[in-house]
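The values are calculated or read from the model by the stated rules, or taken from the named source; none is laboratory data. This structure is a prediction, so every number in the text was calculated from the model and none was measured. A quick note on method: Cβ atoms are made from the backbone with ideal geometry, for glycine too, and the neighbour counts reach across all protein chains shown.
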Amino acid sequence: MRKPIVAANWKLNKGPSETEDFIKNFITKLPDLPKGCEIVLAAPYVSLVKASELLAQSTVRVSAQNMSEHENGAYTGEISALMLKEIFVNYVILGHSERRAIYGESDETINAKILKAHGTELKPIFCIGETLEEREGGNLEKVLSQQITLGLKDVTEKEMLETVIAYEPVWAIGTGVVATPTQAQDTHEFVRSVLTDLYGIAVAEKIRIQYGGSVKPENAAELLGQKDIDGALVGGASLEPASFADIIRNGVVE
Ligand code: 13P
């Protein structure tokens, strides 16, 4: 009942010309990919216009990788939700662990961004995840509950249905170490139980929860085959059209 959603997070890769090369190639593969999957490309800011133009006639959605919590004003270097909306961006990744760890984004800032995204009709892909130290120290549930509760403060039920959660264990990002399907499923089930406490079972059952962290064509089927895993947020393996397409092909059953 939940439509799978597979998103490419290109991070600091692909300016407009590489974006064009990728999309022109990827579009030729679309007819052979499962139709029941929502596909999203999260490009760097400067490549978003190009991506929107090239994907305007397709079902593939465009995402930003971040945005400001402010609308306008003296915030040098920032980009607003309205600016993204103006160039036909549909999604925005918020709270990625790299934003949290490298740029010091707090749960409160992420919450402000999520509220701003909804206020502008951009759909957030809200990232959560624990470090290895937190997992091994027995703090997995505490860390995730806190990220979810603070990040989603004041988000309404209706907005929640337009929110995608991405569970990305920090220790599995870019490391080649992937969570086992059981570890991932158990954690997704826990995340859904926190969402159930916050929004009730009917809403929680509709929210899509992606897994992210070293997803590859080889492990996509096993991971996405789990009951509470509704898609993937893919970094490294999304940089080549063929491997990104293979992840969708292998991971999504129709
Ligand atoms: P990798 O797929 O490179 O591990 O990155 C995951 C990620 O951070 C996606 O947002």
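Just a few scattered comments:
- Candidates E69, E38, filtered to the one that is under 17 Å from T163 (Cβ atoms), among the charged types (D, E, K, R) and in contact with a strand residue (DSSP E or B) (Cβ under 9 Å, 6 or more places away or on another chain): E38
- Among the candidates I5, I23, I39, residue that is aliphatic (A, V, I, L, M) and in contact with a Pro (Cβ under 9 Å, 6 or more places away or on another chain): I23
- Taken over region 49-76, the residue count meeting the criterion of being among the acidic types (D, E), within 20 Å of N111 (Cα to Cα) and not in a loop (DSSP other than H, G, I, E, B) is 0.
- Residue match in region 182-197 (condition: surrounded by fewer than 16 Cβ atoms within 10 Å (Cβ to Cβ), out of contact with any helix residue (DSSP H, G or I) (no Cβ under 9 Å at 6 or more places or on another chain) and among the β-branched types (V, I, T)): yes
- Sole exception among (1) over 24 Å from I209 (Cα atoms); (2) more than 17 Å from the chain's Cα centre (by Cα) for N13, by number: (2)
- Scanning region 88-125 for residues being assigned to a loop (DSSP other than H, G, I, E, B) and crowded, with 16+ Cβ neighbours inside 10 Å gives a total of 7.
- Only one of the numbered conditions (1) under 17 Å from V92 (Cβ atoms); (2) within 17 Å of the chain's Cα centre (by Cα) is not met by T109, and that is (2).
- Of the residues screened, L82 is not one that is modelled with pLDDT of 95 or more and either buried (at least 18 other Cβ atoms within 10 Å of the Cβ) or of a type in the set (D, E) (or both).
- Under the condition of being within 16 Å of the ligand (Cβ to nearest atom) and among the hydroxyl-bearing types (S, T, Y), the residues counted in region 194-220 number 2.
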